[in-house]
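Colleague: Take a look at the following structure, please.
The values are calculated or read from the model by the stated rules, or taken from the named source; none is laboratory data. What you see is a predicted model, and the numbers here were worked out from it, not measured in a lab. Note that each Cβ is placed from the backbone with ideal geometry, even for glycine, and that neighbours are counted across all protein chains shown.
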Amino acid sequence: MASEFGGIEVFDRRRRASPRRSPSRDARQRPGTALGVIAVLASVVTIVIVCAGISSAMSGKYAVGTSLAYFATGTSIVAVLGGICAMVLDRGRGWGAVAIVVGLAANPLVLTRVLSWVGGLG
């Protein structure tokens, strides 16, 4: 279908030739997955921060636990937005989907709502 149209190809996924690339490489390479991997790493950091915040709050250090909860919320938002960008830009769609799910599940605000809802069931 693209060969029938003689105009400018706006959404063509082929990359332009650059002096860095050797001519033997395939012109239709998949884009990198770095954005998705970074988003997953941010979601894993969110899990670590939430665990540290819960353990510090349980040991009586409430100010530290609250600060860690705020930081975990921000990191979770970064992970979810990075996952959305990775999925939209096709820069690691699978990793982006994992980052969205883990980032939402590890968000302290979402955890508080879900755990209070589950507590009300019993």
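Colleague: Does Val101 meet the test of being touching a helix residue (DSSP H, G or I) at 6+ places or on another chain (Cβ under 7 Å) and modelled with pLDDT of 95 or more?
Modeller: Criteria not met by Val101.
Colleague: On the given criteria, is Val78 under 15 Å from Ala106 (Cα atoms) and in contact (Cβ under 8 Å) with a residue 60 or more places away in the chain?
Modeller: No; evaluated as a whole, the condition is false for this residue.
Colleague: Name the residues in region 69-88 that are surrounded by 24 or more Cβ atoms within 10 Å (Cβ to Cβ) and hydrophobic (A, V, I, L, M, F, W, C), would you?
Modeller: Ala72, Ala79, Ala86
Colleague: Please find, among Ser43, Ser67, the residue that is without any contact (Cβ under 8 Å) to a residue 60 or more places away in the chain and not β-branched (Val, Ile, Thr).
Modeller: Ser67
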